[in-house]
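**Q** Before I ask anything, let me first share the structure, which is written out below as C-alpha cells.
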Amino acid sequence: MDEFHDSLPDSVARFPAVPVRDVVVFPHTAIRFKIGRKPSVTALTTALERDRLIFLVTQHDPTLEEPTPEQVYRVGTLARITHHLQLADGNIKVQFEGLQRARALRFEEAPGCWMALVERLPVDHEQSPRITALVGRLTGLIDQYVRQSPENPENLHADLRIDDPARLADSVASHLKIAVEEKQKVLETISLADRLARLADIFDIELEKLQMDRAIQGRVKKQMERSHREFYLSEKIKAIHKELGRKDERSEFDELKRRVEAARLPADAREKALSELRRLEQMPLMSAEAAVSRNYLEWLITVPWHERSEENGDLQVAQQTLDADHYGLEKIKDRILEFLAVRQLVKRPPGSILCFVGPPGVGKTSLGKSIAQATGRKFVRLSLGGVRDDAEIRGHRRTYIGSLPGQIIQMMKKAGTINPLMLLDEVDKLTSDYRGDPAAALLEVLDPEQNNAFRDHYLDVEYDLSQVMFVATANVLHTIPPALRDRLEIIRLSGYTEREKLEIARRHLIPKQREKHGLSETQATLTDDALASIIQNYTREAGMRNMERDIAAICRKVARKLLLTPEAERPAYQATITADALPEYLGPARYQPARLKERGEVGVATGLAWTEVGGEVLFVETTLLPGRGQVILTGKLGDVMQESARAAMTYVRARAVELGIAPDFYRRQDVHIHVPEGAIPKDGPSAGITIATALVSALTGIAARQDVAMTGEITLRGKVLPIGGLKEKLLAALRLGVRMVLAPKDNEKDLAEIPAEVRESLDIRFVERMEDVLSLALAESPRARLVDDKAIPDKALTDDLSPIWNTDVTEHLSSVPVE
C-alpha cells in the first residue's frame, strides 16, 4: 500500500471524508456545524491526528443517517479544521475553512470512517476583459438584490468589497439562499467565467422572484384597502338605512331568518328570535355582542320544538323488549305497560315521573334505557350526582360571559325530539350551597302542571317539557327534599334473590362478558354451582355489579390461557369453571357465609336490618354485670337505636314480675348491650324487639332460639310496630339459613311482594305484642322460671360472668364506656 501511495500524482491524496447534509462548502469560505454521526466523528478525529485536512462532500438525500458512497456527490471541498469543541450531548462543534475544490476518485472503508482518494481540481485565476465584464454584471445584480430584498442580506453586501473574482464567486455562492442542488452545480463549475455567468443567471431569476413577490403584495394590499373601504361604506349605508327606516338585507341574516321560519317556533319564541335578528343587524359583524347574539339564535333554532319520535303502540313488542333486557322486576314492567296503554287511549295523558329507588347494581339505569327502547323514544341521561348549582338546571343568563342553557335544554337538543325519555340519574345526591339549590330548580321541571311552560334563563322563553318522560333513580329517599319527593312516583327495586341472580348471570351477564372478551360459548362455561359459589362467597350485594366484575375477571383469565395454548389446539379449547376452580380465577373466598349456631345462647338474639345495599343479619348480645342498674350500649349505635334499647329496658322492668324476673334486678346488676361489628354505624327502631328478647333471655337465663330471627319496633306497652325493607330482611334471613322470621302484624300486607320461593322457604310469623315474640323466640316460657335477684340465673350465664366474678369489678367496669 505504501508503494502504491508513493506512485500517486501530487494532486491525488487520501483524506478522511465526511458527508454533510443540506449544505455545500465552498473554497475561500468559513463554515461551522455540528458533527454527531459516529463515522463522521471518527473521520474528524483521524484528520485532527494527521494534518487537520478533511474532505467535505454533500449527500443527495439529507434524511439518510448512514449514506453509501453512491449517495453522495463526487465533487466536494478540501477543508482545514480551524476550531473544534466537544459538547455535553456528545456532538462536536467544528469550524472549517474551505481550501480547494476536489473530486473523489473513490471511497475506501477505513476502521470506523470513510477515506476518500481525492484529486485536487485546478484553480482558475483567469484575468481578462470578459471576466471583468462578468464581475461588473454580477456585482450590479447583487447590489439590486440587496436593495430589493426584504431580508437585507448583509453578507452579500460585504461580498461586494472582494477584489478577487474567484473568491467573489465562491463567497457569493455560499451566502446565496438557493437550493442545495443549484449550489452543487456552482461548486462543480471549474471555469471561472462559467461560474460567474451561472451566478449572474441565478441572480436574474431571484430578482424576478422579488419583483413578482412585490407585485403580489401590492395587489394584496390593494385588496385589503378595498375591503376596508367596503366595510366603511357598508357602515355608512347601514347608518343611512337606519335614518331612512329601511333594512339592509344580508346573506347571513337571510339564512338566519330562513332558519327561524323553518323552525316553526312558538309565537313568543319567534318574536324573540326576530327581535334578536334586528339587534344583530345593527352590530359590527366582528364584535363580541354579535357572537353572543348568533350563539343565542343558534340555540333557539336547534332546540326541538315540534320534532317527535314515533312511539311504540304494540304492548306485546314492549313486553318482549323489557323481558329480553331484564329478568324479574314484574311490578316495574307492569307499570310501564300500563303507561303505554294509557298513551294509546289518551292523546295527552297526565304526566308521571317515575323514580326507581334501590341499592346499587340492581339495574335502575339500564332499566331506563330499556323503557326508552320499549316505548320507541330517544334516550338521554342526565347525571345529577354532586350537582350543586341551580344554573346547571335552569342555565345562566346571557349577561354572563360564556353562558349556556341548562342541562335540561342541552339534553333536549341532544335528543332532537320533544318526547324523549330523560333519565335523571342519582337524584338523591343533589347538593346545595351559596350558588343555589338544584333540587328546588327541579320542582318546576318535574311538576306536570308547570313543566309545559319551563323557562330556561338562557333562552328566556317558555319551553314545553310536558311530553318528556322523566325517569329518576336514587339509592335512598331520605336525602330527597319532601317537595321534590312529592312529585315522584316511587317504585322500589329490592335486591335479587339467589335464584334471580343465577338467572340474570346465566341469561345476561355471561353472554355479555363472553362477547366483550372475544370468547365463544364453548371456550368459557360457568357451571351453576360456580355461579352459586360466586353469589355466596365472593359477592355480598343486593345488585349484580360485583358479580359482573367477577365474571369479567374469569373471562380475562380464560382469554389469557387461550392465547397461551398452541395455535393448533385453540379451536378445541374448552374451559369449564366449577365451584372448586374458583380460587384459581378469583382467589380465596372473600366472605364466609354466616351460619346459624348449633344451639341457642342465653342473652343472644338474632335480628334483621336494612341497609342501602340490601338486608343484613345482626346479633344482639346482652350480658349482666354486678353493678347498680347502669345500661351500657356499645357497637356504634345511633340515637334511634339507643332509644329503642332504653324502651326495651323499660318494658322489661315494667313486666319483670310477669316474666319471672326479680323486680329489683336493676339495683344489683348492670346490663351491657352490644351489637357486633362495632366499626359499622347502626341505627333505626326495627331492632327493638330483638333487644328486648336478648334482655329477657339474659335476665331469665332462658336461651333464645338460634333458628329464629326477628324485626320490629317496640313500644313501652309491648306493642310491635311495623318496619320497612321487609323483603330485603327476609332475603338476608334466607341467606343465613333461618327457619322462622318474626315480623310485625301490620307488615302482613307486604307479603304479596315477597317472592314465592322466599315465602315457601321461611316460616313467617306475624306478631302484635312482645308476649307473642317471647313465646316463639325463647326456648321455653319465662313464666316457668322464677329467678332470685341474688342468684346467678343460669349455668350458661354463670359461664359468661365467671371472668368478671374472678376480677375486681371496679377495674372491669372502668374499661366499659359509660353512656
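**Q** Can you confirm whether GLU243 is open to solvent by 70 Å² or more (accessible area, probe 1.4 Å), modelled with pLDDT of 75 or more and either assigned to a helix (DSSP H, G or I) or touching a strand residue (DSSP E or B) at 6+ places or on another chain (Cβ under 8 Å) (or both)?
**A** The answer is no for GLU243.
Residues are listed down the side, and each one gets a yes or a no for (1) closer than 16 Å to ARG506 by Cα; (2) open to solvent by less than 100 Å² (accessible area, probe 1.4 Å); (3) part of a helix (DSSP H, G or I):
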| site | (1), (2), (3) |
| --- | --- |
| GLU569 | no, no, yes |
| ALA581 | no, yes, yes |
| TYR585 | no, yes, yes |
| ARG590 | no, no, no |
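**Q** Could you check ASN546 against (1) part of a helix (DSSP H, G or I); (2) under 26 Å from ASP334 (Cβ atoms); (3) not small (Gly, Ala, Ser) and say which number it fails?
**A** Going through (1) part of a helix (DSSP H, G or I); (2) under 26 Å from ASP334 (Cβ atoms); (3) not small (Gly, Ala, Ser) one by one, ASN546 breaks only (2).
**Q** Where residues in the stretch 296-324 are open to solvent by 60 Å² or more (accessible area, probe 1.4 Å) and within 29 Å of GLN407 (Cα to Cα), which of them is nearest to the chain's Cα centre (by Cα)?
**A** Applying the filter and picking the extreme gives GLU298.
**Q** For GLU541, are the conditions met, namely being outside any helix (DSSP H, G or I) and more than 30 Å from the chain's Cα centre (by Cα)?
**A** Working: outside any helix (DSSP H, G or I): yes; more than 30 Å from the chain's Cα centre (by Cα): no.
So GLU541 does not fit the description; no.
**Q** While we're on this one: Any idea which of GLY416, GLY386, GLY395 is surrounded by fewer than 23 Cβ atoms within 10 Å (Cβ to Cβ) and under 28 Å from GLU307 (Cα atoms)? Spell out how you get there, then give the answer.
**A** On the way: GLY386 fails: under 28 Å from GLU307 (Cα atoms); GLY395 fails: surrounded by fewer than 23 Cβ atoms within 10 Å (Cβ to Cβ).
Of the residues listed, the single one that is surrounded by fewer than 23 Cβ atoms within 10 Å (Cβ to Cβ) and under 28 Å from GLU307 (Cα atoms) is GLY416.
**Q** Here is a further query. Listed residues THR606, THR565; which is of a type outside the set (Asp, Glu), farther than 21 Å from GLY358 by Cβ and either free of Cβ contacts under 8 Å to residues at least 24 places away in the same chain or open to solvent by 20 Å² or more (accessible area, probe 1.4 Å) (or both)? Don't jump to the end; show me each part of the working.
**A** On the way: THR606 fails: either free of Cβ contacts under 8 Å to residues at least 24 places away in the same chain or open to solvent by 20 Å² or more (accessible area, probe 1.4 Å) (or both).
Being of a type outside the set (Asp, Glu), farther than 21 Å from GLY358 by Cβ and either free of Cβ contacts under 8 Å to residues at least 24 places away in the same chain or open to solvent by 20 Å² or more (accessible area, probe 1.4 Å) (or both) holds for just one of THR606, THR565, which is THR565.
**Q** Next up: Does GLU206 satisfy the criteria of being touching a strand residue (DSSP E or B) at 6+ places or on another chain (Cβ under 7 Å), surrounded by 11 or more Cβ atoms within 10 Å (Cβ to Cβ), over 30 Å from ASN452 (Cβ atoms) and at pLDDT 80 or above? It would help to see each step written out before you state the result.
**A** Numbers: touching a strand residue (DSSP E or B) at 6+ places or on another chain (Cβ under 7 Å): no; surrounded by 11 or more Cβ atoms within 10 Å (Cβ to Cβ): yes; over 30 Å from ASN452 (Cβ atoms): yes; at pLDDT 80 or above: yes.
So GLU206 fails the test.
**Q** Given the conditions (1) assigned to a helix (DSSP H, G or I); (2) in contact with a strand residue (DSSP E or B) (Cβ under 7 Å, 6 or more places away or on another chain), which single one is not true for LEU423?
**A** (1)
**Q** Just checking, which of SER171, SER191 is surrounded by fewer than 17 Cβ atoms within 10 Å (Cβ to Cβ), of a type in the set (Ser, Thr, Tyr) and at negative phi? Give the derivation first.
**A** On the way: SER171 fails: surrounded by fewer than 17 Cβ atoms within 10 Å (Cβ to Cβ).
Sole residue among the options that is surrounded by fewer than 17 Cβ atoms within 10 Å (Cβ to Cβ), of a type in the set (Ser, Thr, Tyr) and at negative phi: SER191.
**Q** Answer yes or no: is there a residue in the stretch 473-492 that is assigned to a helix (DSSP H, G or I), surrounded by 14 or more Cβ atoms within 10 Å (Cβ to Cβ) and in contact with a helix residue (DSSP H, G or I) (Cβ under 9 Å, 6 or more places away or on another chain). Even if it seems obvious, please write down each step before you answer.
**A** Initially, the stretch 473-492 is screened for residues assigned to a helix (DSSP H, G or I), giving 482-485.
Remaining after also requiring surrounded by 14 or more Cβ atoms within 10 Å (Cβ to Cβ): 484-485.
Adding the requirement that they be in contact with a helix residue (DSSP H, G or I) (Cβ under 9 Å, 6 or more places away or on another chain) leaves 484.
Within the stretch 473-492, one or more residues are assigned to a helix (DSSP H, G or I), surrounded by 14 or more Cβ atoms within 10 Å (Cβ to Cβ) and in contact with a helix residue (DSSP H, G or I) (Cβ under 9 Å, 6 or more places away or on another chain).
**Q** Separate question: Scan ASP460, ASP464 and give me the residue that is of a type in the set (D, E, K, R), out of contact with any Phe, Trp or Tyr (no Cβ under 6 Å at 6 or more places or on another chain) and within 20 Å of LYS347 (Cα to Cα).
**A** Details: ASP460 fails: within 20 Å of LYS347 (Cα to Cα).
Only one candidate passes the filter, namely ASP464.
**Q** Please determine, by comparing only the residues of the stretch 371-425 that are among the acidic types (Asp, Glu) and within 22 Å of MET469 (Cβ to Cβ), which one is farthest from the chain's Cα centre (by Cα).
**A** GLU392
**Q** What are the residues in the stretch 648-659 that are open to solvent by 20 Å² or more (accessible area, probe 1.4 Å) and among the small types (Gly, Ala, Ser), if any?
**A** Correct list: ALA654 only.
**Q** Quick one: is GLN642 assigned to a loop (DSSP other than H, G, I, E, B) and at negative phi? I'd like the intermediate steps shown before the answer.
**A** Working: assigned to a loop (DSSP other than H, G, I, E, B): no; at negative phi: yes.
In short, no.
**Q** Also: Given the structure, is PRO67 surrounded by 17 or more Cβ atoms within 10 Å (Cβ to Cβ), in contact with a strand residue (DSSP E or B) (Cβ under 9 Å, 6 or more places away or on another chain), at negative phi and assigned to a loop (DSSP other than H, G, I, E, B)? Spell out the reasoning first.
**A** Working: surrounded by 17 or more Cβ atoms within 10 Å (Cβ to Cβ): yes; in contact with a strand residue (DSSP E or B) (Cβ under 9 Å, 6 or more places away or on another chain): yes; at negative phi: yes; assigned to a loop (DSSP other than H, G, I, E, B): yes.
Spelling it out, PRO67 is indeed surrounded by 17 or more Cβ atoms within 10 Å (Cβ to Cβ), in contact with a strand residue (DSSP E or B) (Cβ under 9 Å, 6 or more places away or on another chain), at negative phi and assigned to a loop (DSSP other than H, G, I, E, B).
**Q** Kindly indicate whether any position in the stretch 660-680 is hydrophobic (A, V, I, L, M, F, W, C), open to solvent by 10 Å² or more (accessible area, probe 1.4 Å) and part of a strand (DSSP E or B).
**A** The answer is no, given that none of the residues of the stretch 660-680 is hydrophobic (A, V, I, L, M, F, W, C), open to solvent by 10 Å² or more (accessible area, probe 1.4 Å) and part of a strand (DSSP E or B).
**Q** Would you pick out the residues in the stretch 263-272 that are in contact (Cβ under 8 Å) with a residue 24 or more places away in the chain, open to solvent by 60 Å² or more (accessible area, probe 1.4 Å) and among the aliphatic types (A, V, I, L, M)?
**A** Within the stretch 263-272, no residue meets the criteria.
**Q** Need at least 1 residues that are open to solvent by 10 Å² or more (accessible area, probe 1.4 Å) per element, so show me which strands (runs of 3 or more DSSP E) inside the stretch 684-768 make the cut, counting only ones lying wholly within it.
**A** Values: elements: 708-710, 740-744, 763-767.
Qualifying strands (runs of 3 or more DSSP E): 740-744, 763-767.
**Q** If you check every pair at least six apart or on different chains, which have Cβ atoms under 9 Å apart with a residue in the stretch 71-99 that is at positive phi first and a residue that is outside any strand (DSSP E or B) and not acidic (Asp, Glu) second?
**A** Every condition considered, the pairs that remain are GLY90/GLY36; GLY90/VAL41.
**Q** Here's something else I'd like to know. Does the stretch 108-134 hold any residues that are open to solvent by 30 Å² or more (accessible area, probe 1.4 Å), closer than 30 Å to ARG74 by Cα and outside any strand (DSSP E or B), and which are they?
**A** Result: PRO111, GLY112, PRO122, VAL123, ASP124, HIS125, GLU126, GLN127, ARG130.
**Q** Which numbered condition in (1) touching a residue at least 60 places away in the same chain (Cβ under 8 Å); (2) open to solvent by 50 Å² or more (accessible area, probe 1.4 Å) is the only one that GLY376 fails?
**A** Every condition holds for GLY376 apart from (2).
**Q** Then there's this: Which of the following residues is over 19 Å from GLY495 (Cα atoms) and touching a Pro at 6+ places or on another chain (Cβ under 8 Å): ARG377, ARG381? First the steps, then the outcome.
**A** On the way: ARG381 fails: touching a Pro at 6+ places or on another chain (Cβ under 8 Å).
Checking each option against the conditions leaves just ARG377.
**Q** Considering only the stretch 727-753, state which residues are under 41 Å from the mean Cα position of the chain (by Cα) and either at pLDDT 85 or above or under 16 Å from MET770 (Cα atoms) (or both).
**A** Looking only at the stretch 727-753, we keep the residues that are under 41 Å from the mean Cα position of the chain (by Cα), and these are 727-736, 750, 753.
Residues satisfying the conditions are LYS729, LEU730, ALA733, ASP750.
**Q** Still on this structure, I have one more. For the condition surrounded by fewer than 19 Cβ atoms within 10 Å (Cβ to Cβ), modelled with pLDDT under 85 and not hydroxyl-bearing (Ser, Thr, Tyr), what is the one hit in ARG348, ARG381? Give the derivation first.
**A** Details: ARG381 fails: modelled with pLDDT under 85.
Among ARG348, ARG381, only ARG348 is surrounded by fewer than 19 Cβ atoms within 10 Å (Cβ to Cβ), modelled with pLDDT under 85 and not hydroxyl-bearing (Ser, Thr, Tyr).
**Q** What's the total number of residues in the stretch 30-44 that are surrounded by fewer than 20 Cβ atoms within 10 Å (Cβ to Cβ) and in contact with a Gly (Cβ under 9 Å, 6 or more places away or on another chain)?
**A** Qualifying residue count, the stretch 30-44: 7.
**Q** Would a scan of the stretch 31-51 turn up a residue that is in contact with a Ser or Thr (Cβ under 7 Å, 6 or more places away or on another chain), in a strand (DSSP E or B) and either closer than 21 Å to LEU187 by Cα or without any contact (Cβ under 8 Å) to a residue 12 or more places away in the chain (or both)?
**A** Taking the stretch 31-51 and keeping what is in contact with a Ser or Thr (Cβ under 7 Å, 6 or more places away or on another chain), we get none.
Checked against the condition, which is being in contact with a Ser or Thr (Cβ under 7 Å, 6 or more places away or on another chain), in a strand (DSSP E or B) and either closer than 21 Å to LEU187 by Cα or without any contact (Cβ under 8 Å) to a residue 12 or more places away in the chain (or both), the stretch 31-51 yields no hits at all.
**Q** Would you confirm whether any residue within the stretch 514-521 is open to solvent by less than 40 Å² (accessible area, probe 1.4 Å) and either modelled with pLDDT of 85 or more or more than 26 Å from the chain's Cα centre (by Cα) (or both)? Quick ask: steps written out before the conclusion?
**A** Narrowing the stretch 514-521 to residues open to solvent by less than 40 Å² (accessible area, probe 1.4 Å): 514, 519.
Restricting the remaining residues to those that are either modelled with pLDDT of 85 or more or more than 26 Å from the chain's Cα centre (by Cα) (or both) gives 514, 519.
Yes, some residue in the stretch 514-521 is open to solvent by less than 40 Å² (accessible area, probe 1.4 Å) and either modelled with pLDDT of 85 or more or more than 26 Å from the chain's Cα centre (by Cα) (or both).
The values are calculated or read from the model by the stated rules, or taken from the named source; none is laboratory data. None of these values were measured; they are calculated from a predicted model. Here Cβ is always computed from backbone atoms with ideal geometry, including for glycine, and neighbour counts include all displayed protein chains. Just so you know, the surface numbers come from the protein's heavy atoms only, side chains and all, with ligands and any DNA or RNA stripped out. Shrake-Rupley method; radii C 1.70, N 1.55, O 1.52, S 1.80 Å.
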